[in-house]
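First comes the structure, then the notes that go with it.
Any read-out appearing in this document is the output of simple, stated calculations on the displayed coordinates, not a laboratory observation. Keep in mind that what you see is a predicted model, and the values were worked out from it rather than measured. Every residue, glycine as well, gets a Cβ built from its backbone with ideal geometry; the counts of neighbours run over all protein chains shown.
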């Protein structure tokens, strides 16, 4: 028994020493010494210093509720020098009437591969810079205020973000809650181009998320978008620019251009998105989604 106890203590000692040695590379890279703030304070909670799914620019709203219930599964491919990321995402949308709807969405599984340069810039503690991650869950409510009147179509959207995304030590997610709300407007233009209908739209709102800066525990941002949609019975094509502007000036002012093409397939639909980061969010993304729809 005594020998067994000595053996167990020796194993724990070896594991402890190895664990200490495992972080020496990070300590040396970032100049950390005993007595300094913990490693979490070195990670910047900002869209420009985290993975592409941490604090993305929200999808644009066009002033109108979607009419059908839907379940969406998508495959996303994010490209950036030093950080190639692929993920599976899901979304559930349910309108209760022509006035109100709820939605749940998030990243189900993410695979990432970072270069040493990106890893160190973000102060990530994932030494090989690659692995699997799980995303945040978002839950929201949409309310149709005005539709088919002289005043533009008007939609209010309120969305909360959980802190379920992992891992934080790899700087993939923010490990902090947040929320955003916006109000969007649009005005339909029938048969603007042959059988195609036009829909110019714009929105403004507010985005807020918690940070790890003890002096400024919250970053607040003005959120905005503008775009134009062409559609007929089978196709819907949208071009838009959207973003939000945080006040800390820590790569927290992302702007993206989005091209979206959607094809109705009977009851269901297929959608392709191309997203190009214009500022602070330096990715190019291709998103392919399939939607099951029902009344």
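Mind giving me the FRET efficiency for residue 158 and residue 259? R0 is 25 Å, r the Cβ-Cβ distance, nearest 0.05 is fine.
Step by step, r from the Cβ atoms, then E = 0.40.
Which of (1) 1.07; (2) 0.95; (3) 1.02 is the computed Rg/Rh (Cα atoms, Kirkwood Rh) for the structure on display?
Entry (1).
For residue 267 paired with residue 36, estimate the spin-label separation in nm (one decimal), with each label point 7 Å from Cα along the Cα-to-Cβ line.
5.9 nm
Could you work out the relative contact order of the stretch 85-214, using alpha carbon pairs under 8 angstrom and six or more residues apart, expressed as a whole percent?
17 percent
With a ≥ b ≥ c the root eigenvalues of the C-alpha gyration tensor of the stretch 39-160, is it rounded (a/c under 1.5), prolate (a/b larger than b/c) or oblate?
Since a/c reaches 1.5 and a/b is larger than b/c, the shape of the stretch 39-160 is classed as prolate.
Compute the relative contact order of the chain as a whole-number percentage, counting only Cα pairs closer than 8 Å that sit 6 or more residues apart in sequence.
17 percent
Kindly state, to the nearest 0.05, the FRET efficiency for residue 77 paired with residue 214, given R0 = 41 Å and r defined as their beta-carbon distance.
Calculated value: 0.65.
Determine the gain in length on full extension of the stretch residue 279-residue 111; use 0.36 nm per residue of separation and subtract their C-alpha separation, reporting nm with one decimal.
Using 0.36 nm per residue and subtracting the Cα-Cα distance, I get 58.1 nm.
In a GNM of the chain with a 10 Å cut-off on Cα contacts, which of 220, 98, 182 has the highest mean-square fluctuation?
98
Using the beta-carbon distance between residue 69 and residue 25 and R0 = 45 Å, what value does 1/(1 + (r/R0)^6) give for FRET efficiency, to the nearest 0.05?
With a Förster radius of 45 Å, E is 0.35.
From the helices alone, meaning DSSP H stretches of at least four residues, give me the mean residue ellipticity at 222 nm for the chain, per-run term -39500 (n - 2.57), in deg cm²/dmol to the nearest 500.
Result for the chain, helices only: -3500 deg cm²/dmol.
Using a basic spin-label model with each label point 7 Å from the Cα along Cα→Cβ, how many nm lie between residue 121 and residue 195?
4.7 nm
At 7 Å along the Cα-to-beta-carbon direction for both residue 88 and residue 128, put a label point, then send me their distance in nm to one decimal.
Calculated label separation equals 2.2 nm.
Relative to the longest principal axis of the C-alpha atoms of the chain, give the angle of the C-alpha long axis of helix 2-22, reported between 0 and 90° and rounded to the nearest 10°.
So the inclination is approximately 50 degrees.
Determine, for 214, 36, the number of other Cβ atoms within 10 Å of each Cβ, and report the residues in order from fewest to most.
214, 36
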